[in-house]
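Reading through the structure tokens given below for one structure.
The values are calculated or read from the model by the stated rules, or taken from the named source; none is laboratory data. Not measured: the values here are computed from a predicted model. Cβ placement follows ideal geometry from the backbone for every residue including glycine, while neighbour counts extend to all protein chains displayed. These area figures cover heavy atoms from the full protein model, side chains too; ligands, DNA and RNA do not enter into them. Shrake-Rupley method; radii C 1.70, N 1.55, O 1.52, S 1.80 Å.
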Amino acid sequence: MTKPTGAAPLDALIIGAGFSGLYQLHCLRDKLGLPVRVLEAAPAVGGTWYWNRYPGARCDSESHSYCYTFSDDLVQEWEWTERYPAQAEVLRYLNHVADRFDLRRDIQFDTRVTEARYDEAANLWRVTTANGERFAATFLITAVGCLSAANVPDIPGLKDFKGVCHHTSNWPHEDVDFRGKRVGLIGTASTGIQAAPVIAETAAHLTVFQRTANYSVPARNAPLTPEVKRQHKENAAEIRRLMHASTNGHPYLIADRAALATPPEEREAIYEAAWARGGLYIRPSFSDLMISKEANDTAAQFILKKIRAVIKDPAKAAVLTNIDHPYAAKRPPIDTNYFETFNRDNVALVDIKAAPIAEVTADGIRTSEAFYPLDIIVFATGFDAMTGSLLRLNIAGRDGVKLSDAWEAGPRTYLGLQVAGFPNLFTITGPGSPSVLCNVPVPIQQHVEWITDCIAHMRKTGAKTIEATVDAQDRWVEQVNAAANATLLSSVKHSWYLGANVPGKPRVFMPYAGGMARYRGICDDVAKQGYAGFALS
Ligand code: NA7
């Protein structure tokens with residue numbers, strides 16, 4: 001591949017070669033025939049699935065829905081092996097897609113974007129990389145993921161720790177050997193809940209540091225039988241239709257019945273069936289679980305009862321079930337033997353809400369009450385979600401205004417696709433879009449296709465720039481807030497949906513909670529009305 005420094009401007013530059021960037025490249029290059037390049041910081045494709053290779057890393061969406069649906073041939077030829085694919089399998093899938101559509105020749109790896117600046121006179125985005133290369137492109141499309149900027153807590157003394165320390169999203173490519181080691185795991189959400197059981201199997205001892213207790217439902221992962229695989233292939237069109245019709249992009253709809261209008265015995269039987277099925281099936285069991293605290297309590301109490309039945313030690317059970325938020329109002333984890341892990345002799349639980357971590361020393365972690373000697377610390381402490389991956393690109397728009405300044409009080413976008421003052425910049429699954437509230441390949445494909453259609457429209461009409469208007473953006477921000485406030489999601493003040501996990505981050509509910517199907521309809525209408533709310537010139 002020739003180095004484009006100083007070369008002719010591209011039509012589009014895409015940042016990131018994960019799920020979004022790969023498909024965006026395919027659409028712009030192979031459907032519209034545009035000169036496009038992808039810049040990717042990693043040495044390979046995969047995005048999230050390249051980096052997050054911690055023990056137990058696995059997708060929480062079912063495999064037959066966690067994939068691209070734009071190509072029937074691709075759907076038919078790829079065979080998932082398990083109900084929930086492990087990290088290595090998703091990565092294999094994305095590599096297969098890159099090969100199948102001959103994408104690698106337009107991806108430049110080991111290239112981290114450090115700055116992107118809109119040059120108004122030339123109507124070009126000028127992009128600089130960590131290796132000092134420069135690129136110019138008419139359209140800049142960020143495909144950097146919502147959960148890519150790791151959140152490592154700033155704990156006093158951390159740099160003095162003599163042992164090994166890893167954040168789950170930046171896991172070494174070599175195996176980390178836990179044998180004979182005392183391991184500390186900080187973080188008990190989706191990632192920590194996946195990692196703990198696997199680490200406990202080999203570590204001499206595992207100490208789990210829990211700040212917020214969490215619900216988790218058994219995933220009931222298993223190899224897919226030939227019969228199930230056949231059904232998925234045969235019903236691919238219906239599965240896709242459901243994913244498009246659903247609130248969260250999963251291949252099932254929310255039941256048209258309210259928990260509070262269902263007799264308790266019948267309700268219990270429905271929860272039992274969802275529990276037996278495993279995974280995320282409790283949430284769609286009733287229509288009122290995410291809008292009524294009283295309804296949600298019925299689900300929460302059911303899950304708590306199930307969790308208590310697993311944990312043998314009453315002291316651990318009390319800490320693990322001391323949950324302070326409605327079910328699924330924070331991202332709902334699913335697991336394989338998470339609560340069972342606390343029945344092992346080599347696993348301890350520390351309640352750091354009651355006794356916070358005071359410092360890391362050379363040899364371990366000290367809380368306000370005790371010292372825990374450790375050889376390895378695993379941070380499963382999540383991400384500077386949704387905005388972190390965008391802000392670290394150092395984007396400056398019209399008049400040199402920095403995105404970090406435009407978003408000083410929290411992200412503001414129109415449809416999560418564009419930011420006023422940043423012409424020709426598109427943000428795939430940006431804040432203000434359904435993104436993390438969904439089975440994410442669905443919102444990714446919808447955004448990529450919308451952006452592709454928009455660029456095709458501009459080429460047809462001769463428009464050179466597209467930019468969200470301030471007015472449309474203001475109205476959309478109101479809609480994003482209203483959608484969140486209509487659900488229990490906004491009632492949790494310490495969730496990363498609100499930015500609360502990162503000290504100093506503005507508290508703004510970031511994803512659009514009005515549902516994927518409704519959101520798709522809104523975006524389609526905007527396009528049909530000649531891109532209403534966008535200024536095209
Ligand atoms: P999350 O969902 O952000 O969870 C991070 C966990 O780490 C959670 O238990 C946090 O507790 C805990 N945490 C964060 N900061 C600290 C500090 N400073 N001290 C102690 N504990 C802390 O990240 P995940 O990686 O689990 O999941 C993110 C997404 O990745 C998930 O939705 C999937 O899509 C994949 P808290 O709840 O904030 O008290």
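Taking segment 82-108 as the range and being surrounded by 15 or more Cβ atoms within 10 Å (Cβ to Cβ) and outside any helix (DSSP H, G or I) as the test, the residues that pass are 82, 83, 84, 85, 86, 101, 103, 107, 108.
For (1) under 30 Å from residue 234 (Cβ atoms); (2) hydrophobic (A, V, I, L, M, F, W, C); (3) not assigned by TED's automatic domain parsing to the domain that holds residue 398, each residue gets a yes or a no:
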position: 94; (1), (2), (3): yes, yes, no
position: 108; (1), (2), (3): no, no, no
position: 128; (1), (2), (3): no, no, no
position: 139; (1), (2), (3): no, yes, no
position: 143; (1), (2), (3): no, yes, no
position: 155; (1), (2), (3): no, yes, yes
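Of the residues making up segment 163-181, those that are touching a Phe, Trp or Tyr at 6+ places or on another chain (Cβ under 9 Å) and either assigned to a loop (DSSP other than H, G, I, E, B) or open to solvent by less than 70 Å² (accessible area, probe 1.4 Å) (or both) are 165, 166, 167, 168, 169, 171, 176.
Candidates 189, 259: the one that is over 27 Å from the mean Cα position of the chain (by Cα) and crowded, with 20+ Cβ neighbours inside 10 Å is 259. Within segment 171-190, the residues that satisfy the criterion of being away from the ligand (no atom under 16 Å from the Cβ) and touching an Asp or Glu at 6+ places or on another chain (Cβ under 7 Å) are 181, 182. Criterion applied to 307, 291 was being farther than 23 Å from residue 208 by Cα and of a type in the set (A, V, I, L, M), and the one residue passing it is 291. Given the criteria over 25 Å from residue 386 (Cα atoms) and without any contact (Cβ under 8 Å) to a residue 40 or more places away in the chain, does residue 133 qualify? No, not satisfied. On inspection, residue 208 passes the criterion of being farther than 29 Å from residue 445 by Cβ, within 16 Å of the ligand (Cβ to nearest atom), open to solvent by less than 50 Å² (accessible area, probe 1.4 Å) and touching a helix residue (DSSP H, G or I) at 6+ places or on another chain (Cβ under 6 Å). Residues that are crowded, with 19+ Cβ neighbours inside 10 Å, among the hydrophobic types (A, V, I, L, M, F, W, C), under 22 Å from the mean Cα position of the chain (by Cα) and under 30 Å from residue 188 (Cβ atoms) are absent from segment 466-478 altogether. The residues on offer are 436, 448, and the sole one that is part of a helix (DSSP H, G or I), within 16 Å of the ligand (Cβ to nearest atom) and at negative phi is 436. Per the listing 199, 193, the residue uniquely within 16 Å of the ligand (Cβ to nearest atom), part of a helix (DSSP H, G or I), in contact with an Asp or Glu (Cβ under 7 Å, 6 or more places away or on another chain) and under 29 Å from residue 355 (Cα atoms) is 193. Which one is farthest from the ligand (Cβ to nearest atom), of the residues in segment 150-162 that are open to solvent by less than 30 Å² (accessible area, probe 1.4 Å) and not hydrophobic (A, V, I, L, M, F, W, C)? Selected residue: 157.
Residue 184 meets the stated requirement of being under 27 Å from the mean Cα position of the chain (by Cα), part of a strand (DSSP E or B) and in contact (Cβ under 8 Å) with a residue 12 or more places away in the chain.
Output the residues belonging to segment 518-537 that are surrounded by fewer than 18 Cβ atoms within 10 Å (Cβ to Cβ) and either hydrophobic (A, V, I, L, M, F, W, C) or more than 23 Å from residue 423 (Cβ to Cβ) (or both). Of everything in segment 518-537, those that are surrounded by fewer than 18 Cβ atoms within 10 Å (Cβ to Cβ) and either hydrophobic (A, V, I, L, M, F, W, C) or more than 23 Å from residue 423 (Cβ to Cβ) (or both) turn out to be 518, 521, 522, 527, 532, 535, 536.
So which residues in segment 398-427 are open to solvent by less than 10 Å² (accessible area, probe 1.4 Å) and on the phi < 0 side of the Ramachandran plot? If the condition is that a residue be open to solvent by less than 10 Å² (accessible area, probe 1.4 Å) and on the phi < 0 side of the Ramachandran plot, then 403, 413, 417, 418, 419, 422, 423, 425, 426, 427 are the ones that fit.
Among the residues that make up segment 303-314, is at least one of them open to solvent by less than 30 Å² (accessible area, probe 1.4 Å), over 28 Å from the mean Cα position of the chain (by Cα) and modelled with pLDDT of 95 or more?
yes
Here residue 328 meets the list (1) in contact with a Lys or Arg (Cβ under 8 Å, 6 or more places away or on another chain); (2) on the phi < 0 side of the Ramachandran plot almost entirely, failing just condition (2).
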